[in-house]
Amino acid sequence: MAKRTPLYDCHIKHGGKIVDFAGYELPVQYDGLGVITEHVAVRTKAGLFDVSHMGELIVSGPDAESALNYLLTNDIRGMYDGQVRYSVLPNPNGGAIDDVLIYRVNGEKFLIVVNASNADKDAAWISSNLKGNVKFENVSSKVAQIALQGPISKEIMLKLVTEDELPQKYYSFKWEVNVGGVKCLISRTGYTGEFGYELYCEDVDGIKLYDIVMAAGKDLGLVPAGLGARDTLRLEAGMPLYGHELGEEIMIDEVDLGFAIKMGKEDFVGKAALEAHTPEYQRVGATVVDRGIPREHCDVYCGDEIVGMVTSGTQSPSLKMPIAVLRIKLGYENKPLEADVRGRRVALKVIPMPFYKKA
Amino acid sequence: MKLMYAKTHEWVAIDGNKAKIGISDHAQHELGDLVFINLPAEGDSIVAGESFCDVESVKAVSDLYAPVSGRIVAVNTELESAPELINSDAMGAWICEVELESEGDDLMDEAAYAEFIK
């Protein structure tokens, strides 16, 4: 049976249409709103997401930094306390076990936030491959997480906390912040390409926190937002999604994440495989020339040759045009491309990502 | 005029030997915001129970099934640029009109359909 997050009752109260996602019962959208309305709210005002299904792992101890650094493609040395960094969690073959956020609490304590669908796999992999004097904890089931995303997020939070209690820089965080009586970790992170925060608290305080934030923002235009909008927002922002743009079999030097792959650092899992590998594919953005929405798994053709596939695709609510992420062979980005959309050839036009940039 | 519904949630308004086809309000609600419609062409023949058109919400593609058989004599091309009209007025937003050959099996009247979607 599918699990429920600590916020399940909030979704029912707000008219959430519940679907199974990564083993959790979560709202895809809310009655009276819908994907487009929720999406537009995040771009213009604010939306509140339940992301408690995400996994949280803690690695601590004198060797935490070096042990973790060996398991990541990014370099986590030299981060400051309260900084967040994106990384791929590579497998020995150069594919991705997951993509994760690393939160440095201090030099000997790191929080790792992972995708729900990979949380058990990640926990098993990390716990069995950490070297040295480290302690590993999987606290996923004890943590509730909400994402407040949108241009008025700060205005909403300032009704609950002081300016000093909020993380100022993108990809930084403050912890043990008191938000209406709930002890939270607040980070300036998100998966929407919009200004916003993610708030973590103990599972038992989840509903209280959700209600406090919703009450603070309601009159300003805050709405609950579901998984449907989360996907269209991240896609407009050109952010990869594990299982679509990333996977165990997809070499991570073919996904345009060079900023998070530090080949110059000391040895890490998958480094040798990546050094020996010559990229053949690339991740690019596209729209269509005429009509039609290329969706994931559509083959991409150049003439009669299949040169790749669509890994994600949707109608962009902000741009009001189809957008798609392609995994295609190198050298084909400037050639005439077509997607096979359910038997119909749809001409593609490669365009830069992110598709949408906040004003 | 006779209004009937298919189990696959299309409506058909039969008037003599002509019939207009659309999808029910329940169906548009379940599908969510529609962003694309792949309309059939005038002159095409449709067969009851077979797919004749597809619509896309933000998230997914859905086939629509013909509630009747016949030849298409008109297409509501307004929907091509504004598929959201189906969301705002599902019973008004007809998709195509056919010259009726036969009705599909298991069509329901309004009361039976209301019961069916309960």
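General remarks:
- Within the full protein context, the accessible area of A:Trp175 is estimated at about 100 Å² for a probe radius of 1.4 Å.
- The range A:257-315 and the range B:4-26: distance between their alpha carbon centers, rounded to Å: 44
- Lys, Arg +1 and Asp, Glu -1 on Cβ, resulting dipole of chain A about Cα centre, debye, nearest 20: 840
- Share of carbon and sulfur in the accessible heavy-atom surface of the protein assembly as shown [1.4 Å probe, %]: 50
- CD proxy at 222 nm, helix term only [per DSSP H run n ≥ 4: -39500 (n - 2.57); per residue of chain B; nearest 500]: -4000 deg cm²/dmol
- Contact-buried residues of the range B:49-74, at a threshold of 50 Å² lost accessible area versus the chain by itself: B:Glu56, B:Val58, B:Lys59 (1.4 Å probe; DNA, RNA and ligands ignored).
- Net charge, A:Lys142 excluded, C-beta distance under 14 Å - Lys, Arg +1, Asp, Glu -1: -3
- Counting charges near A:Leu158 (Lys, Arg +1; Asp, Glu -1) among other residues having Cβ under 13 Å from its Cβ returns a value of -2.
- For chain A, adding -39500 (n - 2.57) for each run of n ≥ 4 DSSP H residues and dividing by the number of residues yields -5000 deg cm²/dmol at 222 nm.
- Taking the range A:103-228 and dividing mean pair separation by its residue count, relative contact order in percent (alpha carbons under 8 Å, at least six apart): 23
- Less than 5 angstrom separates the built amide H of A:Met353 from those of A:Gly285, all sequence-distant by 5 or more or on a different chain.
- The range B:1-63, dipole about Cα centre (Lys/Arg Cβ +1, Asp/Glu Cβ -1), debye to the nearest 20: 260
- For the range A:124-135, 3J(HN,Hα) per residue [Karplus equation, 6.51 cos²θ - 1.76 cosθ + 1.60, θ = phi - 60°, Hz, x = Gly/Pro]: 5, 5, 5, 4, 8, 10, 6, 10, x, 8, 9, 10
- Cα shape, the range A:278-359, gyration tensor, a/c 1.5 rule: oblate
- Sequentially through the range B:45-61, phi angles give Karplus couplings (6.51, -1.76, 1.60; θ = phi - 60°) of 9, 10, 10, 3, x, 9, 5, 10, 6, 10, 10, 10, 8, 4, 8, 8, 9 Hz, Gly and Pro residues having no value and appearing as x.
- Around the amide H of A:Ser316, modelled in the peptide plane, lie the amide H atoms of A:Met321, A:Ile323, all under 5 Å away and 5 or more residues distant in sequence or on another chain.
- Summed buried accessible area for A+B [probe radius 1.4 Å, Å², rounded to 100]: 1400
- Between the range B:91-118 and the range A:203-244, the alpha-carbon center distance in angstrom: 38
- Cut-off 14 Å between beta-carbons: net charge of the residues surrounding A:Val325, Lys and Arg +1, Asp and Glu -1: -2
- Karplus (6.51, -1.76, 1.60) ³J(HN,Hα), θ = phi - 60°, over the range A:143-160, in Hz, Gly and Pro reported as x: 10, 9, 9, 10, 10, 9, 10, x, x, 9, 4, 5, 4, 5, 5, 5, 7, 10
- Accessible surface, per residue, of the range B:2-106 when the full set of protein chains is kept, probe 1.4 Å, Å²: 43
- Cα gyration tensor shape for chain A, rounded if a/c is under 1.5, else prolate or oblate: oblate
- Taken per residue, the accessible surface of chain A reaches 41 Å², heavy atoms only and a 1.4 Å probe.
- Between A:Glu202 and A:Ala144, the built amide H atoms are under 5 Å apart, and every one of these is 5 or more places off in sequence or on another chain.
- Convex hull volume per residue in cubic angstrom - Cα atoms of the range A:217-359: 156
- Counting Cβ atoms of other protein chains within 10 Å of each residue's Cβ and taking the mean over peptide A:314-326 gives 2.
- Remark: mean inter-chain Cβ contacts per residue of A:33-41 equal 3, using a 10 Å Cβ-Cβ cutoff to other protein chain atoms.
- Mean Cα-pair separation over length for chain A, i.e. relative contact order, pairs under 8 Å, 6 or more apart, %: 18
The values are calculated or read from the model by the stated rules, or taken from the named source; none is laboratory data. These figures come from a predicted structure and were not determined experimentally. Note that each Cβ is placed from the backbone with ideal geometry, even for glycine, and that neighbours are counted across all protein chains shown. Note: accessible area is taken over every heavy atom of the protein model, side chains too, but ligands, DNA and RNA are not part of it. Shrake-Rupley method; radii C 1.70, N 1.55, O 1.52, S 1.80 Å.
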